[in-house]
Amino acid sequence: MILITGINGEIGSALAKQLYINGKNEIIGFDLNGPNQNLKKYIKKHYVGDIINQKSVKKVFQDNKITEIYHLAAILSSKGEEDPFFAHKVNVDGFLNVVQSINTSNIKFFFPSSIAVYHLDGNAKNISIIEDDFCNPNNIYGCNKLYCEKIGSYFEIFKNIDFRSLRFSGIISAYSLPQGGTSDYAPEMIHHAVQNKNYTCFVREDSCIPFMIMPDAVNAIINLMDTKKSKINRNVYHIQAFSPTVKDIYEKIISHFPKFNLVYDINEKRQKLIDSWPAQLNQKNAEQDWGWKPKFNFDDAFEKYLIPKIKEFYKRR
Ligand code: SER
């Protein structure tokens, strides 16, 4: 059985659907609330529970033979800054509750990490960095993610877990919006534009971090998890598809929605995070070890996925 914690979230629901389509339909969900009608189709069983409650997490493992875990339950970066102690509880204690509940060996464990683990200094924004550069986070979410990467790799040996992790940046879905992230401006701006609404952006127009669309993120998780262990040379990889500035996104949007109006109301805290994160990731490790290559570049992401699918999504509602 596959366990997905945080299954109601953006990645969780998209991943459950794709795993189900791929024939991996023994999926168990775990989240604070029950799944919606759409998600229900793809899962066998669901547990309503809090990841910080060790008993609730343990029960899932006692009741079922879990062979694969996707531990996605987390508090994102902007929300984490509002209450760092609570973020630590969910992101670190929650992670440990899952690891501690594992009752078999050789279990496959996927953990989504983040570019929030990086803190660039000086002019490093222009460098294409590798995974071991600048791992010195200045935010609670990045600290939590980096620590879980480390202890996940530690428990790989101590508890015989097959621990694999991807550092994501911004992910843009046509079917949902992120909650409490710092990269939220891109998906919010695009969803607003397609609904003929204007948008107030909380970071400057030259802000630049990597992004990818949800289908590429889900494929990356599945491909990494399907790769033979002997090919994998590290526990953690970072990946991206394109690196647009806010201005690039705006220009793309107005080429489709000329009436779209963008104004700025800068949030200094969120701007500081974006400025400290890399704009370009050197992806040679992921490319070499498990053949990572995104299917959608910036133009394709808009023309073949975001605009048509978001339009369809709001029409159906
Ligand atoms: N998308 C995440 C956030 O903004 C970063 O990986 O919190």
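A few comments on the model shown:
- Taking only the C-alpha atoms of segment 97-195, the Rg (one decimal) and the largest Cα-Cα distance, Dmax (whole number), read 16.5, 50 Å.
- Counting charges near Ile171 (Lys, Arg +1; Asp, Glu -1) among other residues having Cβ under 10 Å from its Cβ returns a value of -2.
- Within segment 160-317, percent of DSSP bridges classed antiparallel, to nearest 5: 20
- Placing +1 on the Cβ of every Lys and Arg and -1 on the Cβ of every Asp and Glu, with no other charges, gives the chain a dipole of roughly 1160 debye about its Cα centre.
- By the helix-only formula, in which each DSSP H run with n ≥ 4 contributes -39500 (n - 2.57) and the sum is divided by residues, the chain has a 222 nm mean residue ellipticity of -11500 deg cm²/dmol.
- Stokes-Einstein D in µm²/s, Kirkwood radius over Cα pairs - segment 50-122 at 4 °C with 1.567 mPa s viscosity: 95
- In units of the compact-protein estimate 2.2 N^0.38 Å, segment 161-235 shows a Cα radius of gyration of 1.39.
- Ranking Pro244, Ile2, Asn136 by how far each Cα lies toward the positive end of the dipole of the chain (charges on Cβ) leaves Ile2 at the top.
- All Cα-Cα distances of segment 1-45, cut into 10 Å bins from zero to the largest, leave 34, 62, 4 percent in each bin in turn.
- Isotropic mean projected area of the C-alpha convex hull, segment 189-317 (nm²): 9.1
- In order along segment 79-87, phi translates into HN-Hα couplings of 5, x, 5, 6, 8, x, 5, 5, 4 Hz, rounded to whole numbers, per the Karplus curve 6.51 cos²θ - 1.76 cosθ + 1.60 with θ = phi - 60° and x for Gly and Pro.
- Computed 3J(HN,Hα) for segment 109-117, one whole-Hz value per residue from the Karplus formula 6.51 cos²θ - 1.76 cosθ + 1.60 where θ = phi - 60°, is 10, 9, 10, x, 9, 8, 6, 5, 6, glycine and proline marked x.
- Shape index of segment 212-272: Rg/Rh, with Rg the Cα radius of gyration and Rh the Kirkwood radius from the inverse mean 1/r over Cα pairs, equals 1.17.
- Per residue, the convex hull spanned by the Cα atoms of segment 255-317 amounts to 176 cubic angstrom.
- Alpha-carbon Rg with Dmax, taken over segment 1-82, Å: 12.5, 40
- Cα-derived Rg to Rh of the chain, Kirkwood definition: 0.95
- Given Lys79/Lys304; Lys125/Lys269; Lys44/Lys228; Lys125/Lys150; Lys55/Lys79; Lys44/Lys293, the pairs whose alpha carbons are separated by over 20 Å: Lys79/Lys304; Lys44/Lys228; Lys125/Lys150; Lys55/Lys79; Lys44/Lys293
- Cβ-based net charge around Phe296, under 14 Å, with every Lys or Arg adding one and every Asp or Glu removing one: +1
- Cα gyration tensor shape of segment 22-160, rounded if a/c is under 1.5, else prolate or oblate by comparing a/b with b/c: prolate
- Whole-angstrom gap from segment 178-254 to segment 26-85, using each part's C-alpha centre: 23
- Coil-residue trypsin sites (Lys or Arg not before Pro) of segment 74-154, DSSP, other Cβ within 10 Å capped at 10: none
Read the figures in this text as sums done on the coordinates, not as results from a lab. Just so it is clear, the structure is predicted and the values come from calculations on it, not from any experiment. A quick note on method: Cβ atoms are made from the backbone with ideal geometry, for glycine too, and the neighbour counts reach across all protein chains shown.
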